[in-house]
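The values are calculated or read from the model by the stated rules, or taken from the named source; none is laboratory data. Quick caveat: nothing in here was measured; it's all calculated off a predicted structure. Here the Cβ positions follow ideal geometry from the backbone for every residue, glycine too, while neighbour counts run over all protein chains shown. Accessible surface is based on the protein model in full, side chains and every heavy atom, while ligands, DNA and RNA are left aside. Shrake-Rupley method; radii C 1.70, N 1.55, O 1.52, S 1.80 Å.
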Amino acid sequence: MTKLSVRHLLGIKNLTENDIHTILDTASQFKDVINRPIKKVPSLRDITIANVFFENSTRTRLSFELAEKRLSADVVNFSASGSSVKKGETLLDTVNNILAMKVDMIVMRHSSPGAPHYLSGKIPANVVNAGDGTHEHPTQALLDAFSMREKLGDLAGKKIAIIGDILHSRVALSNIFCLQKLGAEVMVCGPTTLIPKYLPEIGVRVSHQVKEALEWCDVANVLRIQLERQQIKYFPSLREYSLYFGITKAMLDNLNREIVLMHPGPINRGVELSSDAADSSHSIILNQVENGVAVRMAVLYLLAQQ
Ligand code: CP
């Protein structure tokens, strides 16, 4: 069996192209499993996993929990609200207390960039980054790549536009690393204030015209405006953002060719996407969610072999 080059999944930046292919190929096998009448395999029967979430989540948290249960792991869930973190306990003390209960793997979402990297240097368990602030969201990028590959085949040479709030998005950075390692061309599109200045230096195209981005790409991966991470005003109003950068079904239909529409969720309907675009035949948004379980099964299974 092919092994990963890493013991923790901290980000896509640390993975090799071979690691990514191994995860995606393993996920294909797990996708077959979860579409059978009996959706469970005994692969992680002796493993206990803690999902430690210091930030809100719907998709990632449920998807990891289902992936763990489909692999027959024992699962415990922790959320910061209602925990002793509110009484001043540190991140390391909290996690060491969870590990004292004989937990083997930590899946963690945290608002501070680098929190899972810090933890991985301090504890014996495998650490999976389920999103660290504005930094990386590796399993989202892997499930996005899996979903694109399912739709378009080999991603080498394919053109992917990431449209929206790039500056505050961990999904954008992980997608850029992942797609470039797989040989795809990447463009980002959004207001000047929401695009980091260094991106052209790492080979990413930049556009400030959504029409230009849509005409260029095979896949439009649309991101929401992360108002919760914005301390200042980056654009005048959501109404104006929607007017200049919002995507409608008519814009996609008018291209008169196939274009794949993606969004990691949660969607702000009527801001970055109109409802008719989000629910159109161009959209594979719910396929992404389905694929997330298979991809997370693959990540957990492969890390458990390390
Ligand atoms: N895509 C994503 O990370 O969604 P959640 O914040 O709901 O987990």
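Its convex hull of Cα atoms gives the stretch 206-306 a direction-averaged projected area, equal to a quarter of the hull surface, of 8.6 nm².
Counting only Cα atoms, the stretch 77-172 measures 49, 28, 23 Å along its principal axes, largest extent leading.
Restricting the calculation to Cα atoms, every distinct pair contributes to the Kirkwood radius of the stretch 163-225, found to be 11.7 Å.
With all pairs of different C-alpha atoms in the average, the Kirkwood value for the hydrodynamic radius of the chain is 19.8 Å. Taking the 1.4 Å solvent-accessible surface of the chain as the whole, the part contributed by carbon and sulfur is 50%. Averaging the Cα positions of each part gives two centres, and for the stretch 41-115 and the stretch 182-239 these lie 32 Å apart. Rolling a 1.4 Å probe across all protein chains gives D218 an accessible area of roughly 50 Å². For the pair the stretch 137-165 / the stretch 272-305, the C-alpha centres are spaced 10 Å from each other. Taking each of K122/K197; K13/K151; K40/K102; K39/K181 in turn, the alpha-carbon distance tops 26 angstrom for K122/K197; K39/K181. Residues considered: N291, N256, N96. Largest GNM mean-square fluctuation over the chain, using C-alpha springs under 10 Å, is found at N256.
For L15, L92, L167, L227, the ranking by accessible surface with the largest value first comes to L227, L167, L92, L15, using a 1.4 Å probe. Of the trypsin sites (Lys or Arg not before Pro) found in the stretch 126-215, those that fall in a DSSP loop while having at most 15 other beta-carbon atoms within 10 Å are K197. Within the stretch 21-97, the proportion of C-alpha pairs whose separation exceeds 18 Å stands at 53%.
Once you wrap a convex hull around the alpha carbon atoms of the stretch 138-285, what is its projected area averaged over all directions, in nm²? With the hull built on Cα positions only, its mean projection is 8.0 nm².
Shown here for the stretch 43-138: trypsin sites (Lys or Arg not before Pro) in loop regions (DSSP other than H, G, I, E, B) with at most 12 other Cβ atoms within 10 Å, namely R45, K102, K122.
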